[in-house]
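Some notes on the structure that comes next.
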Amino acid sequence: MPLLEMDRVTMAFGGLRAVEDFTLRLEPGELVGLIGPNGAGKTTVFNVITGVYRPTAGRIRFQGQDIAGRPPADITRLGIARTFQNIRLFADMTVLENILVAYNFRVAYGFWRAIFRGPSFHAEERRLRDEAMELLRLVHLHDKAGYPAGSLPYGEQRRLEIARALATRPRLLLLDEPAAGMNPAEGQELMEFIRWVRSRFDLTILLIEHHMPIVMGVCERVLVLDFGRVIAEGKPAEIQNNPRVIEAYLGEEEAAG
Amino acid sequence: MAARWQSLFLWTLATALAVALHLLGRAGVLSGYTVQVLSLICINIILTASLNLVNGYLGEFAIGHAGFMAVGAYVAGVMTVKLDLPFWLAFVAAGLAAALAAWLVGIPAFTTFGDYLAIITLGFNMIIVNVITNIDAVGGPRGMAGLPKATNLLWVYGTVAATLIVLGNLVRSNYGRLWTAIRQNEIAATLMGARVKQLKLTAFVVAGLFAGLAGALWGHLIQYINPSSFTYIKSTEILVMLYLGGMGSLSGSVVGATLMTVLLESLRGLGVWRLVISPLILIVIMLRMPRGILGFRELSLGGLFRPRGVSRRAAA
Amino acid sequence: GCGKTGGGAGGGEVIKIGVSAPLTGNIAAIGQSTKNAVLMAEAEINEKGGIDIGGKKMKVQFVIEDDENKPESTANVFQKLINQDKVIAIIGSQSSSATNAGAPIANDAKVPAITPWATNPNVTKGKKYVFRAAFIDPFQGYVNAKFAYENLKARKAAVLYDVAQDYNKGLAEVFRDEFKKMGGEITAFETYTTGDKDFSAQLTKIKGTNPDVIFLPNYYSEVPLQIQQARKLGINAIFLGGDAWDSPKLLEIGGKDMEGTYFSNHYVATADVPKVKEFVTKYKQKYNEVPDAAAALTYDAAYIIFQALERAGSLDRDKLRDAMAATKGFEGVTGTISYGDTGDPVKPAVVLKIENGEFKYETTVNP
Amino acid sequence: MALLEVDDLTVTYGAIRGVSGISLTVEEGEVVALIGANGAGKTTTLRAISRLVPSRGSIRFAGRDLTRLRPHEVTALGVVHVPEGRGIFPRLTVMENLELATWTRRRDREGIRRDLRRVFDLFPRLEERRDQVANTLSGGEQQMLALGRALMTRGRLMLLDEPSMGLAPVLVKEIFSVIQEISASGTTILLVEQNAHFALKIARRGYVLETGSIVLSGPAGAVAANPRVKAAYLGA
Amino acid sequence: MLIFIQQLMNALQLGGIYALIALGYTMVYGVLQLINFAHGDIFMVGAFIGLFLATYLKLPFVAVLLLTMALTAVVGVAVERVAYRPLRTAPRMSLIITALGVSLFLENFTRATVGAAPRDFPALVAGATWDLGGVTVGSVQVLIIGISVGLMLILRYVVRRTLLGKAMRAIADNREVIGLMGINPDAVIAATFAIGSGLAAAGGILVAQAYPVIEPYMGIVVGWKAFIAAVLGGIGLIDGAMLGGFILGFTEIFVAAYLPSTFRDGIAFAILIIVLLFRPTGLLGRPVSTKV
Ligand SMILES: Nc1ncnc2c1ncn2[C@@H]1O[C@H](COP(=O)(O)OP(=O)(O)OP(=O)(O)O)[C@@H](O)[C@H]1O
Ligand SMILES: Nc1ncnc2c1ncn2[C@@H]1O[C@H](COP(=O)(O)OP(=O)(O)OP(=O)(O)O)[C@@H](O)[C@H]1O
Ligand SMILES: CC(C)C[C@H](N)C(=O)O
Ligand SMILES: [Mg+2]
Ligand SMILES: [Mg+2]
């Protein structure tokens, strides 16, 4: 059974069809790229998957369950996590707290025990903290645990955002331009990190990116969107030489190089 | 754990102080005036700290807190005056009734946000006052007199302590983390699996509950309640104390409420100039400390400020 | 219980009397008159050497505090006056809502208090130490209804009142009930809320019911607006009101539109009574304006205390309270005041007519 | 004398150092590239020049000291800053965005008309969308608008902060060719870029910024040939 | 039917006044996102300035109106300079609380200096009333509706068409970038306060003509109503403020006219809340979907 199935999904804003008849099957463990010109509808695809928008038409199934139009929080709880094109950390909270927030729906105490703080409360808080520190260690952010997230350098903020997404224990991870604003060397590093994350956490990943070296280097399959429609799909090498993709997105030189 | 011993010590100290104050008051060492002002300070702390949950931690802008205070005051008043029930029962009922009211108000209010939410909360404040004004059974605009003098220092002090403990524990739990996360980035919080509406409503209901308790105490302190005491004027007073003390800081609420109450009392000698000078003082403090006296910082035992969050990097 | 500590007031040389007045807030104008009146009374009595307390002349000092016309603030003021300033008695506050918060405090502390103008019956009820200088709402409402029905021969009356103020609402309801009891018809019973300036909707509605009289139990700052707007809408009924009309401002603001209207009051400023004449002249000299009802009632309240102190011959608060309760036939500016079993005075009301830009005596209604 | 002279510039944000003691010059007519990793201080440098942040050290433009001026006064002197993230006014139309940039010379109707023509010739897509509200433009179009707006201000020196950020490869190429055109018409440009590849191609000289200090400078070709730069910024 | 038309006229007058004052509110909001709680008190200050001009200088109506608008604009700009400008980079809430402080200060300062007694405001326009087939229309009423609508149209033009207006709209989106356009943001903000305060003053004079009693606390209720009107229409929007003002005026009049007037405020608020439930950002406010 595919992990995610999108069937002829359309998302319209008024007259504008940002995404049209979008169909996608993600098998468990895949790492798929989603590219296309600015405004092609890539982020919108993420938004309908995660429930930020309710699709105008079409079906979305995750692990066999229909999720189209369900509240975003429920979808996250089912196992889909994402990062954002423009970083959305809880900027004034510490790095550690950012991770703890992501544990919210797994916390073992309820409202009354939060008020009366029995020993079980403290035990649970300690457990959460340990788990969060463990995760931060894996992404090499543990020595920044007490810093406000907003004070981290950009690259580390990106990493923290991914770590925070991982903390919800997803099966499917959606990354929206994680390399934006990075230089090639940093991009290289990020590519390694994405690969490692996938195998370490046993994830399926859908990746939006404009940095071609990263897309070509890490993805097994690439979809190209233009004006809300898929104009090409295939292995990175095929995509790179597809004339429609070159015209709409890559430009001459990039294809050659 | 050091933190736990520290707080235990703090609460023991607070309780001891409460009992001592109460006994001093009864022994006539503290004048009625001092007791009165102390009680009002405590009631203002309860109001301010509870509103802080919504406006400070959650980052919404609710401006109708006096409405829930009114519900508490009137429910308690009716129970003690008309039904002759004991005060403690009226007190509990006041809290529950105000919490219920907050729940009812919160459902429509949280379909919107920002200044629109402000208007809805204000609107309900006005509606509550308007309705009470039109209920002749509770005196309408004439108000309700003859409430028993049930509020004493023990009661107000106990309630303040309970309020601060409950709110303090909540904000230092999963709930507080989520409220702060919602304030900082609601969409991100939603996509972390947080049930945002429900969480907002929880904060609002808790805040309403304590406002109701404050209302019950207030009514049984002044021994007379009148709908015009709970209009937007009262609501804005609470706002001023809140933002003066600082958002997202319970000790800030304590400082803000105390400072404002004491300031206004101590300026009495100035007559009509009192209300000219005090807003000037407020403006100067806000200009010097734009985040309020303790905005997003807590005053801790050692007299140290623990900063929560450094100035955020300007959004690029 | 510190009923006996009154003697300590001010080290024996001055007698401190507290005043809780709405100097700021929604009825600040009344606070201003309160202050004017007590300061005038203070100056007068001290010029005469003070009050004779058991053979010793003592000066009087009023301690005036702003209660903003808010209950909690009034409670604070009463507490402060009693505990901090150790006053022997308190004048105040003016509105029933503020006084209702102060009165129990004075009563519990056994400090005699007299409110000049709080007219809600509750204020004094069950409070041995609390008095008032004004008559109460039910009486005044009855006076108005009776005057409308009997003197003006009105059969259809409409009412427009501020629903958020106890005074206005109290008078409006008593008037309605009494007028109906007498056999009249209430054609419209309309409301507005404090701060409104536009009454056109309600008045248009009233106009449609064609009443003979319109009862406006509202403050003098609002009544002229109501009458002006009514006249603009072409309403020709007779307007009638209560003691809250009594201020020279009423005529200043209302001008010609006020001609031919009536209101009940405690006294007539133009009356040919020496007491009144003296008061009005002095007040005019001092403050350059004609005293309003608040000033007159406050002035009387001050003298009720002065006289009672003299009669008590002591600075004991209990004795003072008994002396106040024993007040009989006190000749005040606002009429002859006597207390019976309660702190409410037995005093007549007068009805005034506005004619040629002046308040003219029309009739007296006795309780 | 260079058009822009920055000497010993230091900017601090509380305890954090944005840049420490950097010096650079831009000659009239040049394109100068300022490259560096995230957080190196590139944006900070530009913001200090246009006085959006206070700084220590000296900044002189055409012989005038800028440090005492406020941003609008710096702009009025002819320093046009296209900020990071484009800084267009999202709720105004394309046309209104362009008009606002003419504030300092609002009487010069004729000149404004000619400049508008030039912008539309350069970016025909903006003319098509002149009445569209700016926040509905695509990322590339927004970047064009930001550049067009800068042209309307008609400065002598243009400060460009990462004009290629977040753009698809085709658009990146388009934007760079426009920058070359602008330069060819005589405007001096200080260009901040992550995309060192392109930046060094169109620049005459380059500076490399690392954690707040300039670590390398020289002719663009030489900078691009530097092995460290190659490894870190050119992805080679 | 006649009564209905009469009520319609009443509603137009009240709505015009609310709209005029809401406009000033919304302008300041549109630029600074500041709920200017002091706006109602600026309105009061305007009325008092008008009173002094009319009684001591005995100026005619038009002169009083224009001069008052100018002088009140100065007051508004001064308040901005002293109490708001230092808080440009501060959290929004501190600005709102400072505005509350300014509001209390203006009220009580006026009370302490000119006294609490209500003052009567001289009639500056000949008070004629015309009977149009059973519906009475007053000259003041016509004047109010005329001037309000006129000022609104002028303002609408300024904000939509002039460069200053564009700068005002832009500044709300990005204050920093305005500086990069060579525009002094402080000057634009000062201009906004000047216009907003001028409108409040015009409102003050017109209200004083229609309801000729003024006192230091007269701005409180009006200020709140203007705020509500502005939000109802969609805060920050010129057209929204006008619409909101008229709707509030109509609601108040018609609820009082056809429903028990005791519940007027309650019903008016219930309507407001219901509107906001269906249009959470006001009647004309576009839903702000934060683009994710
Ligand atoms: N909430 C919304 N309301 C209206 N239009 C929207 C909304 N969200 C997205 N759009 C429009 O939908 C189209 C697709 O936008 P989307 O953000 O998905 O593009 P993208 O492919 O992610 O582009 P980029 O690479 O620039 O991030 C754009 O034209 C955008 O303006
Ligand atoms: N408003 C601010 N508050 C605190 N620190 C800041 C602020 N702005 C920038 N910094 C810090 O100053 C340093 C330089 O930042 P700057 O934005 O100038 O870098 P940059 O080279 O432009 O990076 P990028 O490629 O991410 O745009 C960084 O460490 C950054 O975190
Ligand atoms: C000031 C007064 C008119 C007060 C009024 N008589 C009341 O009882 O509230
Ligand atoms: Mg996108
Ligand atoms: Mg930068």
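Points worth noting:
- Peptide E:200-212 shows a mean partner chain C-beta count of 2 within 10 Å per residue C-beta.
- Cross-link partners of residue C:70 among aspartates and glutamates (Cα-Cα below 16 Å; sequence separation of 8 or more within a chain): B:237, B:265, C:166
- Under the simplified labelling scheme, the residue C:328-residue C:180 pair shows an inter-label distance of 4.1 nm, with each label point 7 Å from Cα along Cα→Cβ.
- A 1.4 Å probe run over the stretch A:156-257, with the rest of the protein chains in place, finds 39 Å² accessible per residue.
- When you filter the trypsin sites (Lys or Arg not before Pro) in the stretch C:11-91 for DSSP loop state and at most 15 other Cβ atoms inside 10 Å of their Cβ, you are left with C:48.
- Interface area, C with B, accessible, probe 1.4 Å, both sides summed, Å² nearest 100: 2500 Å²
- Quotient of the Cα radius of gyration of the protein assembly as shown and 2.2 N^0.38 Å, N being its number of residues: 1.03.
- Working value for chain D: equivalent-ellipsoid semi-axes of 28, 21, 16 Å, each the square root of 5 times a Cα gyration tensor eigenvalue, largest first.
- When the accessible areas of A alone and D alone are added and the area of the pair subtracted, with a 1.4 Å probe, the result is around 1500 Å², both sides summed.
- The D and E chains share an interface that buries close to 2100 Å² of accessible area, total over both sides, probe 1.4 Å.
- Between helix C:200-209 and chain C: long-axis angle, C-alpha atoms, 0 to 90°, nearest 10: 60 degrees
- In this simple spin-label model, placing a label point 7 Å from the Cα along the Cα-to-Cβ direction at both residue A:122 and residue D:213 gives a separation of 4.8 nm.
- Computed over Cα pairs, the Kirkwood radius of the stretch C:123-271 leads via Stokes-Einstein (0.890 mPa s, 25 °C) to a diffusion coefficient of 158 µm² per second.
- Accessible surface of the protein assembly as shown, 1.4 Å probe, proportion on carbon and sulfur as whole %: 58 percent
- Angle between chain D longest axis and helix D:139-153 axis [Cα atoms, degrees, rounded to 10]: 90 degrees
- Summarising the strand pairing of chain A, around 55 percent of its internal DSSP beta bridges are antiparallel.
- The stretch A:162-240: radius of gyration over Cα atoms, expressed as a fraction of 2.2 N^0.38 Å: 1.12
- Taking amide H as placed 1.01 Å from N in the peptide plane, the amide H of residue C:91 sits under 5 Å from that of C:18, C:19, C:20, C:114, each at least 5 places away or on another chain.
- Convex hull volume of the C-alpha atoms in the stretch D:28-111, normalised per residue: 146 Å³.
- Drop in accessible area of at least 30 Å² in the complex versus isolated chain, residues of the stretch E:140-177, 1.4 Å probe: E:163, E:166, E:169, E:170, E:173, E:176, E:177
- Whole-Hz ³J(HN,Hα) from phi, Karplus 6.51 cos²θ - 1.76 cosθ + 1.60, for the stretch C:82-99, glycine and proline x: 6, 8, 8, 8, 6, 5, 7, 7, 10, 9, x, 8, 8, 7, 5, 5, 5, 5
- Equivalent-ellipsoid semi-axes for chain B (Cα gyration tensor, √(5λ), whole Å, largest first): 29, 25, 20.
- Computed from Cα atoms, the angle from the helix A:119-138 axis to the main principal axis of chain A rounds to 40 degrees.
- Remark: accessible surface ordering of B:218, E:130, B:155, E:224 (largest first) is E:130, B:155, E:224, B:218, probe radius 1.4 Å.
- In this structure, the amide hydrogen of residue A:58, modeled 1.01 Å from its nitrogen in the peptide plane, lies closer than 5 angstrom to those of A:10, counting only residues at least 5 positions away or on a different chain.
- With only the Cα atoms considered, chain A has a convex hull volume of 136 Å³ per residue.
- Protection proxy ranking for C:24-33, E:109-118, using the average of other Cβ atoms within 10 Å per residue and placing the highest first: C:24-33, E:109-118.
- Rg and Dmax [Cα atoms of chain C; Å; Rg one decimal, Dmax integer]: 20.4, 67
- For the stretch D:66-84, a reduction of at least 10 Å² in accessible area between the chain on its own and the assembled protein chains (probe 1.4 Å) is found at D:70, D:71, D:72, D:75, D:81, D:83, D:84.
- Computed over the stretch B:87-191, the range of Cα coordinates on each principal axis works out to 52, 34, 18 Å, biggest value leading.
- Chain-alone versus full-assembly comparison, the stretch C:59-83, residues with accessible loss of at least 30 Å² (1.4 Å probe): C:65, C:66, C:68, C:70, C:71, C:72, C:76, C:79, C:80, C:83
- Under-5 Å amide H pairs with residue A:34, H placed in peptide plane, nonlocal only: A:207, A:208, A:209, A:223
- Accessible area of chain B divided out per residue, in Å², using a probe of 1.4 angstrom: 35 Å²
- Paramagnetic reach from residue D:15 in the stretch A:142-184 [backbone N under 16 Å; point 7 Å along Cα→Cβ]: A:143-153
- Equivalent-ellipsoid semi-axes for chain E (Cα gyration tensor, √(5λ), whole Å, largest first): 30, 24, 18.
- In this simple spin-label approximation, residue A:57 and residue C:289 carry label points 7 Å from Cα along the Cα→Cβ vector, and these lie 7.5 nm apart.
- Contact order, relative form, for chain A: 26 percent (alpha carbon pairs under 8 Å, 6 or more residues apart, mean separation divided by residue count).
- At least 18 Å along the helix axis (C-alpha) and Kyte average at least -1.0, DSSP helices within chain E: E:2-32, E:39-56, E:61-79, E:92-114, E:139-161, E:185-210, E:218-233, E:238-258, E:264-278
- With protein chains left intact and a 1.4 Å probe, residues in chain D average 39 Å² of accessible area per residue.
- Antiparallel bridge percentage (DSSP; both residues within chain C; nearest 5): 35 percent
- Entry note, chain B: relative contact order of 29 percent, from Cα contacts under 8 Å with a spacing of 6+ residues.
- Normalised alpha carbon radius of gyration of the stretch A:33-80 [divisor 2.2 N^0.38 Å]: 1.17
- Dmax and Rg, reported as Rg then Dmax, of the stretch D:91-154 (C-alpha, Å): 10.8, 32
The values are calculated or read from the model by the stated rules, or taken from the named source; none is laboratory data. All figures in this text were calculated on a predicted structure; none of them were measured in a lab. Glycine gets a Cβ as well: all are built from the backbone with ideal geometry, and neighbour counts include every protein chain shown. Ligands, DNA and RNA are stripped out before the accessible areas are found, and what is left, the full protein with its side chains, is counted by its heavy atoms. Shrake-Rupley method; radii C 1.70, N 1.55, O 1.52, S 1.80 Å.
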